[in-house]
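Here is the structure we will look at.
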Amino acid sequence: MAYPYILLQAVLVPLVAAGISFLAGPRLGKKVGWVGFLGISLSTVALLISGGDEAYSGGKILEGYDWAPSAGLRFGFLADGLSFPVLVLVNLVLAATAVYSMPYMEKRVQALYGEVRKGRLRMYYLNFLLVCSGLAGIVLSTNLIELYLFLELVLIPTFVIISLFGYVQKERVGAIYIIWNQLGAFVFLAGIALAYVATATGGAPSSFEISDLGRADGGPWAYWVAGLILLGWLVKMGIFGFHMWLPITEAEPPTAFAPTMAIVSGVGSYVLARVLLFGMPATFHAFSLPLMAWGVITMFYGGAVTLAQTDLKYIFAWSTMSQNAYSVLGLASWSALGVAGGVFYFTSHILGKFVMFSIAGILLAQTGLRDSRQMGGLAAKMPFTAALFVLGALILSAVPPTSGFQAEWIMFAGIFSPGAAGSPAYIAVAFLGLVATLLTVAYTFWPIRRVFFGALPTSLEGVKEAPLSMTLPLLGVIVVSILVGIYPDLVSKFLLAFASSLPIGVGSQ
């Protein structure tokens, strides 16, 4: 069943919900979160009903809207084997976040201002839903300028949320976030401008369309275009050398918003697949081996620093840096399995990261603590939360039957394929990447022992289990992860169909 303007509404419905949240916030109080949940959920369900069969069978939905035709600008939205599953799973996490945020943000506003100010709650949901709209636009965009504008739509409200509701030195953290991300966006914009010039070949006019980037592939400006776009997004993903902004800006915002921050940084893996692997695959191939090596360095460095953390939020913030590099490693393998697995891993990562960040928020709300060294024995007081923490660790550690296992084995099958074709350098980098995954197992499971087992401090004798409004959204996301782990075709069939259509290696180079 097809609905008109189905992709446009995926972007506009969160915007409408943002306006309703702002206007109805003083009356609804914390319940304003249900407006966001319903807006995100309804648009996602409509997308599933209208576009699921089309995308699953290898087709696509394309919508175009005139903007400034004389300047070559047109708003376009595309749902295909790449964007469809990514948007659905991103929206799943955002919808769960909208519900989880209601009790958490009520306590956060009270802690900041001494009372629950309903105007502050509506400011949170207004900006949160603007981010949701921007993320949908990034995933569906067919035009580079359009993509850049949606990127900016994500940037500003994220800065506002960090600055208004964050923890330690929240204004400084907000400034760090916006400076680094504007830097990445500026480099990306420079690549867009150069791409516009480079697409004017063979009598064809200049174009901002991603589908027209192939005109520049192999041309005199190709490496500059791809290099600038790649560099801009590596900054925004917090890859080693550009990572300084990422840990603090995931650890110090309100914990309810931290999973959204993981999406904001990780969505770069989707953009690289859409823009460079789809638009300029031959040029991107030249970056393959050095980018794989860079990804492995990031995995080891991020994992090692994560192991040194004791603050639960910083544990999961630093781990985001390491796990973003997993996706980069898969994309850089330049194989269909690697590309599909890299994007699959991003979607699984945000499911697991939602669970882990949310539990850090639960522990903060129930105990007032973030330092794992001050905890212990909490499984006796919070058995359901402890079970959810273990399940979240299974997702991030890629243990069956979770989605993480399916994503990781598909990705590493692609990562090893260049080495299997006879390249020792590729096989060495792939092997090191596999070794680095052991760090993930270590830093996701060691907090379980420290937080939930051992002796219970006397100061925590009165701790109670978290309310269902905070734990049930986590359980829902875990169920989806296990379902995808048991039936991986729910995601992998879309992504493999897209990746197999690219002019890159299928199983080898």
So is residue 257 at pLDDT 90 or above and buried (at least 24 other Cβ atoms within 10 Å of the Cβ) or not?
yes
Residues of the stretch 380-410 satisfying the condition of being under 17 Å from residue 458 (Cβ atoms) and either surrounded by fewer than 19 Cβ atoms within 10 Å (Cβ to Cβ) or within 26 Å of the chain's Cα centre (by Cα) (or both):
380, 381
Step by step: first the residues of the stretch 311-338, then only those that are over 17 Å from the mean Cα position of the chain (by Cα) and under 25 Å from residue 501 (Cα atoms), then the one that is surrounded by the most Cβ atoms within 10 Å (Cβ to Cβ). Which residue is that?
333
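Residues 508, 469, 459: which one is part of a helix (DSSP H, G or I), modelled with pLDDT under 90, of a type outside the set (A, V, I, L, M, F, W, C) and over 26 Å from the mean Cα position of the chain (by Cα)? Please lay out each step first, then the result.
On the way: 508 fails: part of a helix (DSSP H, G or I); 469 fails: over 26 Å from the mean Cα position of the chain (by Cα).
The unique qualifying residue is 459.
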If you go through the stretch 190-206 one residue at a time, do you hit one that is closer than 30 Å to residue 258 by Cα, surrounded by 16 or more Cβ atoms within 10 Å (Cβ to Cβ) and among the small types (Gly, Ala, Ser)?
yes
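Being outside any helix (DSSP H, G or I) and either of a type outside the set (D, E, K, R) or touching a helix residue (DSSP H, G or I) at 6+ places or on another chain (Cβ under 7 Å) (or both), is that true of even one residue in the stretch 176-194? So that I can check it myself, show each step before the final result.
Restricting attention to the stretch 176-194, the residues satisfying the condition of being outside any helix (DSSP H, G or I) are none.
No.
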Residue pairs qualifying under the 6 Å Cβ cut-off, at least six apart or on distinct chains, with the first in the stretch 342-366 being over 19 Å from residue 266 (Cβ atoms) and surrounded by fewer than 24 Cβ atoms within 10 Å (Cβ to Cβ) and the second being among the basic types (Lys, Arg) and at pLDDT below 95, are 364/370; 365/107
Result of the Cβ filter at 9 Å on the stretch 127-146, keeping first residues that are free of Cβ contacts under 8 Å to residues at least 24 places away in the same chain and partners that are aromatic (Phe, Trp, Tyr) and crowded, with 24+ Cβ neighbours inside 10 Å, at least 6 apart or interchain, is none
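Inspect all residues belonging to the stretch 296-310 and state whether any of them is touching a strand residue (DSSP E or B) at 6+ places or on another chain (Cβ under 9 Å) and either among the β-branched types (Val, Ile, Thr) or surrounded by fewer than 24 Cβ atoms within 10 Å (Cβ to Cβ) (or both).
Looking for residues that are touching a strand residue (DSSP E or B) at 6+ places or on another chain (Cβ under 9 Å) and either among the β-branched types (Val, Ile, Thr) or surrounded by fewer than 24 Cβ atoms within 10 Å (Cβ to Cβ) (or both), one finds at least one in the stretch 296-310, hence yes.
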Within the stretch 479-493, is there a residue that is touching a residue at least 60 places away in the same chain (Cβ under 8 Å), under 29 Å from residue 305 (Cα atoms) and among the basic types (Lys, Arg)?
no
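Among the residues in the stretch 399-419, are any in a loop (DSSP other than H, G, I, E, B), at positive phi and of a type outside the set (Val, Ile, Thr)? Walk me through it before giving the result.
First, the residues of the stretch 399-419 that are in a loop (DSSP other than H, G, I, E, B): 399-402.
Among the residues that remain, those that are also at positive phi are: none.
Checked the stretch 399-419: no residue is in a loop (DSSP other than H, G, I, E, B), at positive phi and of a type outside the set (Val, Ile, Thr).
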Given (1) over 20 Å from residue 44 (Cα atoms); (2) modelled with pLDDT of 95 or more, identify the lone condition not met by residue 135.
(1)
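What about residue 187, is it under 23 Å from the mean Cα position of the chain (by Cα) and touching a residue at least 24 places away in the same chain (Cβ under 8 Å)?
Values: under 23 Å from the mean Cα position of the chain (by Cα): yes; touching a residue at least 24 places away in the same chain (Cβ under 8 Å): yes.
Taking the combined requirement at face value, the residue satisfies it.
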Would you say residue 232 is surrounded by 17 or more Cβ atoms within 10 Å (Cβ to Cβ), of a type in the set (Gly, Ala, Ser) and at pLDDT 95 or above?
yes
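Just a yes or no: is a residue in the stretch 209-231 under 21 Å from residue 69 (Cβ atoms), touching a residue at least 12 places away in the same chain (Cβ under 8 Å) and not in a helix (DSSP H, G or I)? So that I can check it myself, show each step before the final result.
Step one: of the stretch 209-231, the residues under 21 Å from residue 69 (Cβ atoms) are 209-213, 215.
In the following step, the residues that additionally are touching a residue at least 12 places away in the same chain (Cβ under 8 Å) were identified as 209-213, 215.
Narrowing further to those that are not in a helix (DSSP H, G or I): 209.
Yes, some residue in the stretch 209-231 is under 21 Å from residue 69 (Cβ atoms), touching a residue at least 12 places away in the same chain (Cβ under 8 Å) and not in a helix (DSSP H, G or I).
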Any residue in the stretch 277-289 that's closer than 18 Å to residue 208 by Cβ and touching a residue at least 12 places away in the same chain (Cβ under 8 Å): show its pairings with residues that are aliphatic (A, V, I, L, M) and surrounded by 18 or more Cβ atoms within 10 Å (Cβ to Cβ) at Cβ separation under 6 Å, as long as the two are six or more apart or on different chains.
279/210; 279/213; 280/213; 280/226; 283/222; 283/226
Residue count for the stretch 297-333, restricted to those that are in a helix (DSSP H, G or I) and more than 28 Å from residue 359 (Cα to Cα)
5
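What are the residues in the stretch 105-121 that are part of a helix (DSSP H, G or I) and surrounded by fewer than 24 Cβ atoms within 10 Å (Cβ to Cβ), if any? Before the answer, list the steps.
Step one: list which residues in the stretch 105-121 are part of a helix (DSSP H, G or I), which gives 105-113, 118-121.
Residues satisfying the conditions are 106, 107, 109, 110, 111, 112, 113, 118, 119, 120.
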Based on what the data block shows, is residue 366 farther than 27 Å from residue 489 by Cβ and either assigned to a helix (DSSP H, G or I) or hydrophobic (A, V, I, L, M, F, W, C) (or both)?
yes
The stretch 42-72, subset surrounded by fewer than 14 Cβ atoms within 10 Å (Cβ to Cβ) and more than 28 Å from residue 500 (Cβ to Cβ), residue modelled with the lowest pLDDT
71
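Taking residue 139 as the residue in question, decide whether it is buried (at least 19 other Cβ atoms within 10 Å of the Cβ), in a helix (DSSP H, G or I) and in contact with a Lys or Arg (Cβ under 6 Å, 6 or more places away or on another chain). Quick ask: steps written out before the conclusion?
Details: buried (at least 19 other Cβ atoms within 10 Å of the Cβ): yes; in a helix (DSSP H, G or I): yes; in contact with a Lys or Arg (Cβ under 6 Å, 6 or more places away or on another chain): no.
In short, no.
The values are calculated or read from the model by the stated rules, or taken from the named source; none is laboratory data. This is a predicted model, so every value here is computed, not measured. Counting neighbours? That spans all protein chains shown, and the Cβs are built from the backbone with ideal geometry, glycine included.
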